[in-house]
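The values are calculated or read from the model by the stated rules, or taken from the named source; none is laboratory data. This structure is a prediction, so every number in the text was calculated from the model and none was measured. Note that each Cβ is placed from the backbone with ideal geometry, even for glycine, and that neighbours are counted across all protein chains shown.
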Amino acid sequence: MKIFIACSKHFYNKVDEIKKELEKHGHKIALPNSFDNPLKEEELKKEDREKHIQWKAEMMKKDKTNILPNEAILVLNFEKNNQPNYIGGATFLEIYKAWELDKKIYLYNPIPDNLLKDEITGMNPVILNGNLNLIR
C-alpha cells in the first residue's frame, strides 16, 4: 500500500523508525512536507512575515498532490506539550484532504479529545493504538 505520513514537525524524530517498519511489510511511504528541513517554518517566521505566509500557503496547496497518489494517510499523533494524541491544524487539513479524496485514514493513537474530535470522528479513521500491523 502507498501511504502518506502526516504529523507535527515535533514528531519527525519518530518517522524514520515507523517508515522502516512499514517498508518491512511492503508498504511504500511518502514523507511529510518539509521533512528534510523541519525548522524552515520557524526560520521564516523570524525572518519575514510575508515569506512565512507564502511558504505556509505553498505547503497547504501541496496537500492534494502529496495525498492523491497514495492509498492511505497515516497520522502520527503523540503527546505534545501535555496534549495527548496531538493533531495540529496543518495535520488536520491533511486528514480532511485524505477524507475528501476518499483515502483510508489511520491514526497511530486515539483521536485527541479537543475541539476537532467530532470532525475527526466523522471522518471515521482506523485507530491503530500503535499497532502498524492493522494497516491493510
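Determine which member of the set ASP113, ASP102, ASP63 is more than 19 Å from LEU134 (Cβ to Cβ) and free of Cβ contacts under 8 Å to residues at least 12 places away in the same chain.
Answer to the check: ASP102.
Of the residues ILE73, ILE53, which single one is farther than 17 Å from VAL126 by Cβ and of a type in the set (A, V, I, L, M, F, W, C)?
Result of the check over ILE73, ILE53: ILE53.
Using the structure shown, decide if TYR96 is of a type in the set (Phe, Trp, Tyr), at pLDDT 95 or above and crowded, with 19+ Cβ neighbours inside 10 Å.
no
Going by the conditions given, is LEU128 aliphatic (A, V, I, L, M), more than 13 Å from the chain's Cα centre (by Cα) and at pLDDT below 95?
Criteria not met by LEU128.
Just to be sure before I move on: is LEU107 at pLDDT 95 or above, farther than 24 Å from ASN131 by Cα and either more than 13 Å from the chain's Cα centre (by Cα) or crowded, with 17+ Cβ neighbours inside 10 Å (or both) in the structure I sent?
no
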